[in-house]
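The values are calculated or read from the model by the stated rules, or taken from the named source; none is laboratory data. The structure displayed is predicted, hence computed values, not measured ones. Here Cβ is always computed from backbone atoms with ideal geometry, including for glycine, and neighbour counts include all displayed protein chains.
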Amino acid sequence: MSEQNAVAQSHSSLITHQPVGAERLSNLRIALVHDWLNQLGGAENVLEELVALFPGAPLYTSIYAADRMPPAYRQWDIRTTFMQWIPGVAAHHQAYLPVYPFAFGATDLSNYDIVISNKSGFCHGVQTARGRRKALHVCYCLTPTRYLWLFDYYREREQLGGAVSAILQPVLALLRQWDWAAAHRVDHFIAISTTVQQRVKSIYSRESVVIHPPVNTTFFTPDPHNRQGDYFLIVGRLIPYKRIDLAVQAFNQLPHEKLVIVGSGRDLAALRAQA
C-alpha cells in the first residue's frame, strides 16, 4: 500500500468509527495539537483518548504547566510554543488571546502525514502545508472559538465596560478573520455533537461529521442499593460560560431544596456571594 493510500484509509477510520489499525498507521507520521495544557476539563478528557489512540505521537500545544496537570502527562512528548516563556501565562491564559494565532501560525507541521487538532480555541491554525509538503489536517472541533463568535455573551458575563469593549472590537474583528481562514485550511472537520456541527456550518461554512466523545459508562452504573441523596449536584469548572450562576439563581428560589457544587475556578467567589 502506498503512503498516500495509507493516509486516506487512516482518515476513513477516523470518520467512520472503524478501528484504527496499527499496521496501517505504523509508517505514518502523526501529530496531535491541543490549545493549552494548564487546566483540566472535558477537552483534556478527549485529548487523553487521542493520546491513547495514537501512542507516541508528539503533542503540540501553546503552553504546558506540568504542576497543574496529571503526572501521567509528563510521559507524553509535549512540544510548546514561545508562549511557554511568557511570565504568568499559565494562570491567565485568556489574557493572551491575540497571541495564540501567532504561536500556532508559527508551528509548522507540514512534515507530518496526519495532523489531528483537538480544538476549542486556536490550535486549528497550525501550518500543515509548506511548499510541496502537505499534511492531512483533521480537526476534532469541540466548539468554534467562543471568545470570538459569542463575544456579546462573554462581555456580559465578564462585566466588561464599554471602553474595554470598544478597544477589543477591532482586535476581535481581526481574530475572527484569522480564525475563519484557519478553519478553511483544515481538510476535514469532526464535530462532537449536532449542535457543534451546526455551529461549524453557520460560523465557518464547513461541513462536518459527528463523532461523539467517548464516555466512561461504568462511572454511571446505577447503585445496586438504590440510595438517594437529599440534594442536587453540579460538578465542573467554575467559569462564566458554564452558567452555574443560573443554577444558583434557581435554587435561591427553592428554599426547601439543596444544591451542592463541586469544582474550582475564577467564578468561585462570585458564586459563593450569590448563594
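Count of region 265-275 residues, restricted to those that are among the charged types (D, E, K, R) and surrounded by 13 or more Cβ atoms within 10 Å (Cβ to Cβ), is 2.
Run down Val248, Val171, Val262 and say which single residue is surrounded by 11 or more Cβ atoms within 10 Å (Cβ to Cβ) and without any contact (Cβ under 8 Å) to a residue 40 or more places away in the chain. After ruling out the rest, the residue left standing is Val248. Each residue in region 75-98 was checked for being assigned to a helix (DSSP H, G or I) and more than 17 Å from Tyr147 (Cα to Cα), and 5 of them qualify. Would you say Val235 is assigned by TED's automatic domain parsing to the domain that holds Lys258 and either among the hydroxyl-bearing types (Ser, Thr, Tyr) or exposed (fewer than 15 other Cβ atoms within 10 Å of the Cβ) (or both)? Yes; evaluated as a whole, the condition is true for this residue.
Residues checked against (1) in a loop (DSSP other than H, G, I, E, B); (2) under 24 Å from Trp178 (Cβ atoms):
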site	(1), (2)
Ala31	no, yes
Ala43	no, yes
Tyr73	no, no
Tyr100	no, yes
Tyr112	yes, yes
Gly121	yes, yes
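The test for being assigned to a loop (DSSP other than H, G, I, E, B) and modelled with pLDDT of 95 or more holds for Ala57. Among the residues of region 17-25, at least one is within 23 Å of His212 (Cβ to Cβ), modelled with pLDDT under 85 and part of a helix (DSSP H, G or I).
When Val89, Val138, Val126 are screened for being in the same structural domain as Ile203 (by TED's automatic domain parsing), buried (at least 16 other Cβ atoms within 10 Å of the Cβ), at pLDDT below 95 and not polar (S, T, N, Q), only Val89 passes.
Would you pick out the residues in region 92-124 that are of a type in the set (Gly, Ala, Ser) and touching a residue at least 12 places away in the same chain (Cβ under 8 Å)? If the condition is that a residue be of a type in the set (Gly, Ala, Ser) and touching a residue at least 12 places away in the same chain (Cβ under 8 Å), then Ala103, Gly105, Ala106, Ser110, Ser117, Ser120, Gly121 are the ones that fit. The strands (runs of 3 or more DSSP E) falling completely within region 181-275 that include 1 or more residues that are within 30 Å of Leu109 (Cβ to Cβ) map to 188-191, 208-210.
Only one residue in Arg237, Arg227 is at pLDDT below 95 and over 18 Å from Ala43 (Cα atoms). Which one? Unique residue meeting the criteria: Arg227.
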